[in-house]
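The structure appears right after this line, and notes come after that.
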Amino acid sequence: MNHPKRCITLIGSGLAGSLLAILLSRRGWQVTVYERRGDPRVKGYESGRSINLALAERGRHALRQAGAEEAVMARAVMMRGRMVHFADGGEQLQRYGRDDSEVIWSIHRADLNIALLDLAEAAGAQVHFYRRLHTVDFPAGYARFIDDRDDSPHDIRFQTLIGADGAGSALRAAMGRVAPLGERSEFLDHSYKELEIPPAAEGAFRIEPHALHIWPRGDYMCIALPNDEGTFTVTLFLPNEGATSFATVRSGAEARALFARDFADALPLIPNLVRDWEHHPPGLLGTLYLDRWRLGERAVLLGDAAHAMVPFHGQGMNCAFEDCVALADQLDAHEDLARAFAAFEAERRPNAEAIQAMALENYVEMRDRVDDADFLLQRQLEQALQQRHPGRFVPHYTMVTFMRIPYALAFSRTQIQRALLIEATAGKTELAQVNWDWLDAQVHARLSVLTDIA
Ligand code: FAD
Ligand code: E1W
């Protein structure tokens with residue numbers, strides 16, 4: 001169905017906002033976008049640092065729907081697995097999938113956003129920068145924006161607002177003043193700090209480029225993702241309180257001492273550690289839950305504005321992109337906006353809650369388990385079962401990262417599979433000791449054959 005020139009006003013031209021602007025413009029909507037910050041193509045993005053994200057199949061598929069895949073993938077760096085850096089200096093590549101068709105991609109946030117903005121404008125969307133949503137009069141259909149350069153107010157009329165304004169959503173706050181959304185935030189008692197590994201001579205990568213590097217250290221960890229210009233963005237995740245924490249590691253010098261003790265192989269790769277530590281503020285981590293994402297036919301939220309999550313599964317953007325396609329499809333399917341928004345929320349909220357829970361679980365796994373013998377034995381068994389029961393036993397990481405089945409389905413199957421993996425390997429040190437007859441029977445009894453959505 002095409003709706004000739006029905007109007008949508010989008011708040012935020014970040015990752016979800018710019019992708020949704022493309023999808024809706026191409027489907028005949030008149031899209032106007034308001035973004036708090038300046039145009040990244042004119043003024044440079046944020047502080048100009050290279051901050052990157054892992055793009056997986058869900059996000060790639062959404063980009064494909066928007067005709068944006070080629071532009072984005074041109075500069076993506078393939079990551080075949082996690083490279084685990086042990087405390088004793090040893091390292092091990094743990095592959096994510098069966099071959100190079102099952103990999104993830106490191107992409108540059110600013111480049112991605114710019115590519116999507118270009119395509120959104122080319123598709124007919126109008127993007128207004130330096131317009132921070134301030135207040136909304138829903139009954140009257142007026143919204144006020146502030147230009148933060150001179151504090152000037154700008155009022156506009158709207159029919160419908162879509163909130164893609166991120167974790168601190170101003171639209172969510174405005175909706176909550178009219179009707180309670182059941183908002184609840186759970187902050188993690190850990191925060192993060194971003195650092196950088198520059199290229200070696202002649203722009204070469206200083207560590208393996210085709211991996212997501214992880215330094216698991218029990219209560220905390222470092223990760224590094226490659227950028228196509230030869231750098232890596234390093235992120236340290238650390239508790240806020242305790243013996244080794246943001247409370248005890250305060251100065252750049254103390255951070256250097258922490259790296260010398262716990263990340264000795266990484267320290268020489270990060271020449272600006274002290275300076276960057278002192279200039280980059282720590283980032284907060286948390287999960288945002290809402291009971292409602294919408295207000296009649298007047299407003300709906302998506303992406304981080306609706307369901308911010310901790311980053312440990314690398315799915316926040318992927319999930320936000322999946323939201324965009326789902327909302328565009330529901331707007332096609334329902335003439336009535338209130339019904340489209342209700343159907344969108346019913347489809348997506350259980351899935352957002354599932355990936356939020358899996359992302360929290362993955363923090364403990366990444367920081368404390370990937371270097372354990374029982375973890376590695378369970379991963380070996382997972383691979384063996386995938387071969388023994390194709391389609392029936394599909395590894396957790398594969399369901400989340402390489403398939404597009406609903407997150408809630410991946411979560412429920414993961415819980416069954418995890419219990420089987422734990423029980424089958426309890427007290428064992430190698431696969432040869434596994435009771436295959438029992439295990440094969442359990443797999444058949446408890447897991448149906450799974451097919452990915454077309
Ligand atoms: P955003 O990208 O935050 O965009 C919101 C936009 O709205 C911004 O442009 C902002 O300026 C604008 N805005 C805000 N307020 C207003 C206002 N009042 N008026 C107008 N505009 C406004 N996800 C992955 O998939 N893979 C990863 O590897 C990954 N790694 C991550 C690592 C870290 C450390 C963190 C913190 C997150 C990570 N994520 C990752 C999650 C990902 O960053 C988010 O899920 C994603 O950016 C959400 O997109 P969004 O469009 O909803 O919000
Ligand atoms: C990915 C910030 C971030 C981003 C990620 C991932 C992780 C750990 C983190 C999850 C993963 C890609 N992950 N990696 N290995 N096993 N699970 O897959 O994006 Cl901390």
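The values are calculated or read from the model by the stated rules, or taken from the named source; none is laboratory data. Note that the structure is predicted; figures quoted are calculated from it, not measured. Cβ coordinates were reconstructed from backbone atoms using ideal geometry, including for glycine residues, and neighbour counts include every protein chain displayed. SASA here: full protein model, heavy atoms, side chains in, ligands and nucleic acids out. Shrake-Rupley method; radii C 1.70, N 1.55, O 1.52, S 1.80 Å.
Tabulated data for the structure shown
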| read-out | value |
| --- | --- |
| Subset tally (residues that are touching a His at 6+ places or on another chain (Cβ under 8 Å) and within 16 Å of ligand 2 (Cβ to nearest atom)) for the stretch 8-30 | 0 |
| Looking only at the stretch 151-202, and only at residues there that are touching a residue at least 24 places away in the same chain (Cβ under 8 Å), in a loop (DSSP other than H, G, I, E, B) and within 12 Å of ligand 1 (Cβ to nearest atom), the one that is surrounded by the fewest Cβ atoms within 10 Å (Cβ to Cβ) | Ala167 |
| Scope the stretch 283-303; condition open to solvent by 70 Å² or more (accessible area, probe 1.4 Å) and touching an Asp or Glu at 6+ places or on another chain (Cβ under 9 Å); matching residues | Asp291, Arg292, Glu297 |
| Selected residue (only one of Trp277, Trp215 is open to solvent by less than 20 Å² (accessible area, probe 1.4 Å) and in contact with a Gly (Cβ under 6 Å, 6 or more places away or on another chain)) | Trp277 |
| Which listed residue, of Ala338, Ala352, Ala333, Ala320, is more than 15 Å from ligand 2 (Cβ to nearest atom), crowded, with 18+ Cβ neighbours inside 10 Å and either within 20 Å of Ala410 (Cβ to Cβ) or modelled with pLDDT of 95 or more (or both) | Ala352 |
| Whichever residue in the stretch 384-398 is without any contact (Cβ under 8 Å) to a residue 40 or more places away in the chain and more than 18 Å from Ala432 (Cα to Cα) and, among such residues, is most open to solvent (accessible area, probe 1.4 Å) | Pro390 |
| Selection count, the stretch 6-31, where residues are within 12 Å of ligand 1 (Cβ to nearest atom) and open to solvent by 20 Å² or more (accessible area, probe 1.4 Å) | 1 |
| Qualifying helices (runs of 4 or more DSSP H) (wholly inside the stretch 265-377; at least 3 residues being away from ligand 1 (no atom under 16 Å from the Cβ)) | 273-279, 316-333, 337-364 |
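For every residue, the table says whether it meets (1) away from ligand 2 (no atom under 15 Å from the Cβ); (2) at positive phi.
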{"residue": "Glu208", "(1), (2)": "no, no"}
{"residue": "Leu212", "(1), (2)": "no, no"}
{"residue": "Met221", "(1), (2)": "no, no"}
{"residue": "Asp228", "(1), (2)": "yes, no"}
{"residue": "Leu238", "(1), (2)": "no, no"}
{"residue": "Gly242", "(1), (2)": "yes, yes"}
{"residue": "Ala247", "(1), (2)": "yes, no"}
{"residue": "Ser251", "(1), (2)": "yes, no"}
